[in-house]
Amino acid sequence: MTSARSTRTRRTASVGAVVALGLTLTACASDEPQSAGGADSAGGDETEISIGIPSGWDEGIAVSHLWKNVLEDQGYTVETETADVGIVYTGLAGGDFDVTFDVWLPYTHASYEEEYGAEVTDLGTWYDDAKLTIAVNEDSPAQTIEDLAAMADEYGNKLVGIEAGAGLTQITQDEVIPTYGLDDMEFAVSSTPAMLAELKGATDAGENIAVTLWRPHWAYDEFPIRDLEDPQGALGDAEEIHMWGTSDFEERYPELSGWLADFTLTDEQLFSLENMMFNDEEYADDPDAAVDAWLEQNPDFLEGLGI
């Protein structure tokens, strides 16, 4: 099973600030033993931490900035760096990063788990319904993908797709269309932005539309849509999104490990966070401001972590 993603840009925390704080900590060092990562916090954690963010994975970008905000408010110095997913996992295993929040298991990132699983710490699952989908406007007639074959006219005889090279496109062509007899529908392979533009146009106009999509995605917060049931399982099973830390993460960050063990997001929480970060013009190019606004709207989040 594979996944499709759109690319997003993000800001990188100032390396200079990390270096400057490191010099200050060195100058003010006491006789008490300290770890190589910086002075310990009151909870015994190292106070400096680096987050590796896989580029193009919107949920990972959103959650990484959420935790950057939380940790900075708790007195940590946080450095973030975005890179290709393989580079992030390699860096994590080699100690270049301390933690990453976007590992899809058991399918999408299985090869990385096989290669690096013994060199990292699985810190738990924060989302358990990551999957490929066929979505429609919520007031349209079809309830299952199978219904589309009989109701194709209701959807303009068209299924709107994304990029030709995406895993979602491939599985739709190879599995979904033949399994459910959708061969007579046009499968419009385009791009993620083009698909989203058509989705917006149709829902704004009150028209029926069927698109290839995936969870988690901010579109579920932005548009009145729902997933079609997949009784034959042609799109594959749902996955979990895990957090990985370095092999010694729990020893270096015992208090944070406890917070992460309690960390989960509901669909509503995650989709609203992504939507605010990526689509609200007020927070354009400022994910940290988006997190601030989201936390104001979700005051119970920190209480759930025991912070």
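The values are calculated or read from the model by the stated rules, or taken from the named source; none is laboratory data. Because the structure is predicted, anything quoted here is derived from the model rather than measured. Here the Cβ positions follow ideal geometry from the backbone for every residue, glycine too, while neighbour counts run over all protein chains shown.
The table below lists the values:
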{"item": "Some residue of the range 235-243 being in contact with a His (Cβ under 9 Å, 6 or more places away or on another chain) and part of a helix (DSSP H, G or I)", "result": "no"}
{"item": "Any hit, the range 292-307, residues being outside any helix (DSSP H, G or I), among the hydrophobic types (A, V, I, L, M, F, W, C), more than 22 Å from residue 132 (Cβ to Cβ) and over 18 Å from the mean Cα position of the chain (by Cα)", "result": "yes"}
{"item": "Number of positions in the range 127-138 that are among the acidic types (Asp, Glu) and in a strand (DSSP E or B)", "result": "2"}
{"item": "Neighbours by Cβ (under 9 Å, 6+ apart or cross-chain): first from the range 102-119, β-branched (Val, Ile, Thr); second surrounded by 14 or more Cβ atoms within 10 Å (Cβ to Cβ) and in a loop (DSSP other than H, G, I, E, B)", "result": "103/109; 108/1; 108/2; 108/3"}
{"item": "Filtered residues of the range 79-126 (kept if closer than 17 Å to residue 51 by Cβ, among the hydroxyl-bearing types (Ser, Thr, Tyr) and outside any helix (DSSP H, G or I))", "result": "80, 82, 100, 121"}
{"item": "Counted residues, the range 83-128 - those being at pLDDT below 95 and of a type in the set (D, E, K, R)", "result": "1"}
{"item": "Members of the range 120-154 found to be surrounded by fewer than 18 Cβ atoms within 10 Å (Cβ to Cβ), touching a residue at least 40 places away in the same chain (Cβ under 8 Å) and not charged (D, E, K, R), listed by number", "result": "124, 125, 141, 143, 144"}
{"item": "Test for residue 224: is it closer than 30 Å to residue 185 by Cα, within 14 Å of the chain's Cα centre (by Cα) and at pLDDT 95 or above", "result": "no"}
{"item": "Lone qualifier among 233, 258 - being surrounded by fewer than 17 Cβ atoms within 10 Å (Cβ to Cβ), small (Gly, Ala, Ser) and not assigned by TED's automatic domain parsing to the domain that holds residue 96", "result": "233"}
{"item": "Test: residue in the range 264-277 that is touching an Asp or Glu at 6+ places or on another chain (Cβ under 7 Å), hydroxyl-bearing (Ser, Thr, Tyr), modelled with pLDDT under 95 and assigned to a helix (DSSP H, G or I)", "result": "no"}
{"item": "Single residue of the range 191-240 satisfying the filter (touching a helix residue (DSSP H, G or I) at 6+ places or on another chain (Cβ under 6 Å) and of a type in the set (Asp, Glu)) that is farthest from residue 57 (Cα to Cα)", "result": "230"}
{"item": "Count of the range 176-194 residues which are at pLDDT 95 or above, surrounded by 17 or more Cβ atoms within 10 Å (Cβ to Cβ) and under 20 Å from residue 131 (Cβ atoms)", "result": "4"}
{"item": "The lone exception for residue 283 - which of (1) closer than 30 Å to residue 96 by Cβ; (2) in contact (Cβ under 8 Å) with a residue 60 or more places away in the chain it fails", "result": "(2)"}
